[in-house]
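Note sheet for the following structure.
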Amino acid sequence: MKKLFFLLISGLALPLFAAGHPFTFNDMISMQRVGSIAAAPDGKQIAVVASEYSLEANRGNADIFLIDTATGHMRQLTNNNAADFNPIFSKDGNTLYFLSSRTGTVQIFALSMEGGEARQVTHFPVSIGNLKLSPKGNYFSFTTEVYPETSKLCEIAKRDKKKAESKCSARVYTELFVRHWDKWENGKWNHVFYMPVKGGVPVDVMEGMNGNCPSEPFGGPDEFNWSPDEKTIAFTTKLGRDRAWTTNFDVYAYDLASKTRTNLTMANSAWDSSPLYSPDGRYIYYLAMQIPGYEADRFRLMRRNLKTGKTVNLTENFQYSPSGMILSDSGKDMYFIADKEAHFRIFDMNMATNKITELVSQHTNSSLLYNGNHLFFTQNSLVAPTEVYKFDLKTAQTTKISHFNDERVKAVAFSEPEEFWFTDRDNVRVHGWLLRPVNFKEGQKYPLAFYIHGGPQGSWEDNFHYRWNLQILPAQGYVVVAIDFRGSTGYGDKFREAIEKHWGDRPFHDLMDGLDYVVNNYKFVDKNRMGALGASFGGFMINWIAGNAPNKFVCLINHDGDFDQYSSYYNTEELWFPEYEFGGTPFQNPKLYEKWSPSRYVKNWKTPMMVIHGGHDYRVNLSEGLSTFNALQRRGIPSKLIVFPDENHWVLKPVNSKFWHKSVIDWMNRWCKPQKQ
């Protein structure tokens, strides 16, 4: 007999609701969004980037704050209409360096900790990013875009100006990518540079390489790092004309003295990334996948002896992907974050024994820093936006040290999330979240909103999301259910890999089995008033449900989802993804592209659907949304199409986001008709 298991993250038997009003879009947009953090060398202060978003300005703006780690006292260091971000302390702690766009381009600025105004350090003719300070404090490293023919910043600026002034708008391509994520490729590459802190000419450590570091579109500063003696910079990039259909990123080491580069991971044809040197300089650690072409493969933590070249896999038996690794000063411990069962947890690896200990188990943790006896990090959850925390390595106590949003959170009545587990038809244990309506009353029936995540190798984590926040619809009187079907991350290799070549059966079965269990075990759910909504893979699944479970829901919402796998392959950009998921190209192996195309089942469609798509979405092209809407209209099904011409796969601009949220609520209310509470 299959069983259903329940767990409240609060540890209580019934949901708790804070005094306050139900959560709204205006509450969400008003939250200060905590970003990157930097610790002073003595650990007594933390620099924090926090952004505020304005509907009137239709954008966010970032400033830098300073927090006393003992008292929590906070003061604002920058207050500018331009963005101030990426703070790093000098080695003596007397100066805070940061990036700012206040001059029209992004440059390095310096702020004395004794007070005064920030001074501009660099005056480059182009913008830079991903600022770092070398281990001894002698060099800056940063990234900027270059042309294949030149790394000289003044020449790059001249070419940019000439292109902008040209009346000819033609773009010419002879290889992929043509477009990537949300932009047309412009013939430039992201390269890593370094220069002395005291001033000098920036040096491109990737000069002549047709590759990016950080990688696009989501790479970051963890993709390059300094050796402790400041003689080498290790970086990650991918080369070759096959870059659109391979995941073969490699880690290179650049020697500052000889200006030579060495590929350290040539033997591995899968993804290598995130180099990190040991404090004594003997080893370089990095992350490596094992399966070429599989972007969702698990990262393993590798250790390479820089003298002998011997490489050891340290985490083969650890079923989760490490990220954000940092080493203790002695190098005896490595701390990292990994996605495990819907929580991004913090772990400690003893480098002598390889024993891994879980330190922080709850919520979503990121931006991990080490400083003496403490770890500093940011944390958020389904009921709280991001704040800064510290973990005492001696007492194992976690303390919140920032309070950006305390008063805003107190004003809101959140639904307390409940975790549950069920066993599906194939005897696989599957995780889900359930949120009851705010002001829930026993004995009443409530409509249900069934959320389906994207990826598909993603997860519904315990985090405070600004696009798919699971608190929005409980505030409108809905039960919310979100299930991590097979293919989701954080549940081990076998669970994640189960979706390969099975897009339309295994995840679909898990979703339907989970929904049935919720309806059968939570008697307050009205099974006649259920709507489903999802984005990306979730949007594909909405189209799949429309044709394969046409009687399950009274309405559907499809955000940026595939309609036809054939057409999607030929108009997307990262070709390695469908080629791995469907066992090859559609001209090599058309069977699965046909089998898992929702377009085959349009004859069964009858459920009202709202379709949303971004005009700059080059991952799932706008044509997929238009095709879905064409099918709905031709079938005579009540439907609505919303196109955001200036958005990508995500809706990011505040005014557009407000319209998106109102449209989702209105569509759900039109068909599910929640009772007045």
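The values are calculated or read from the model by the stated rules, or taken from the named source; none is laboratory data. Just so it is clear, the structure is predicted and the values come from calculations on it, not from any experiment. Using ideal geometry, Cβ is built from the backbone for each residue, glycine included, and neighbour counts are taken over all protein chains shown.
Quick look at the values:
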{"quantity": "Pairs with Cβ under 7 Å, 6+ apart, first in the range 453-466 and without any contact (Cβ under 8 Å) to a residue 40 or more places away in the chain and not assigned by TED's automatic domain parsing to the domain that holds HIS649, second in a loop (DSSP other than H, G, I, E, B) and not charged (D, E, K, R)", "calculated": "none"}
{"quantity": "Test: residue in the range 587-602 that is over 26 Å from the mean Cα position of the chain (by Cα), closer than 16 Å to TRP667 by Cβ, hydrophobic (A, V, I, L, M, F, W, C) and not in a helix (DSSP H, G or I)", "calculated": "no"}
{"quantity": "Residues of the range 177-193 that turn out to be under 27 Å from ALA234 (Cβ atoms) and among the aliphatic types (A, V, I, L, M), as a count", "calculated": "1"}
{"quantity": "Residues being touching a residue at least 24 places away in the same chain (Cβ under 8 Å) and in contact with a strand residue (DSSP E or B) (Cβ under 9 Å, 6 or more places away or on another chain) - total across the range 52-64", "calculated": "6"}
{"quantity": "Any hit, the range 14-22, residues being modelled with pLDDT of 95 or more and either not assigned by TED's automatic domain parsing to the domain that holds ASN380 or not in a strand (DSSP E or B) (or both)", "calculated": "yes"}
{"quantity": "Some residue of the range 396-405 being touching a residue at least 12 places away in the same chain (Cβ under 8 Å), part of a strand (DSSP E or B) and assigned by TED's automatic domain parsing to the domain that holds PHE659", "calculated": "no"}
{"quantity": "Some residue of the range 344-361 being of a type in the set (Gly, Ala, Ser), at pLDDT below 95 and outside the structural domain of GLN457 (by TED's automatic domain parsing)", "calculated": "no"}
{"quantity": "Check on PHE629, of a type outside the set (Gly, Ala, Ser), part of a helix (DSSP H, G or I) and buried (at least 17 other Cβ atoms within 10 Å of the Cβ)", "calculated": "yes"}
{"quantity": "Residue match in the range 119-137 (condition: over 23 Å from ASP160 (Cα atoms), in the same structural domain as ALA38 (by TED's automatic domain parsing), part of a loop (DSSP other than H, G, I, E, B) and not hydrophobic (A, V, I, L, M, F, W, C))", "calculated": "no"}
{"quantity": "Qualifying residue in the range 258-276 (condition: within 13 Å of LEU306 (Cα to Cα) and among the small types (Gly, Ala, Ser))", "calculated": "no"}
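A quick yes/no check of all residues on (1) at positive phi; (2) of a type in the set (Lys, Arg); (3) surrounded by 14 or more Cβ atoms within 10 Å (Cβ to Cβ):
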position	(1), (2), (3)
ASN94	no, no, no
GLY116	yes, no, no
VAL126	no, no, yes
GLU149	no, no, no
ILE156	no, no, yes
LYS162	no, yes, no
SER166	no, no, no
SER169	no, no, no
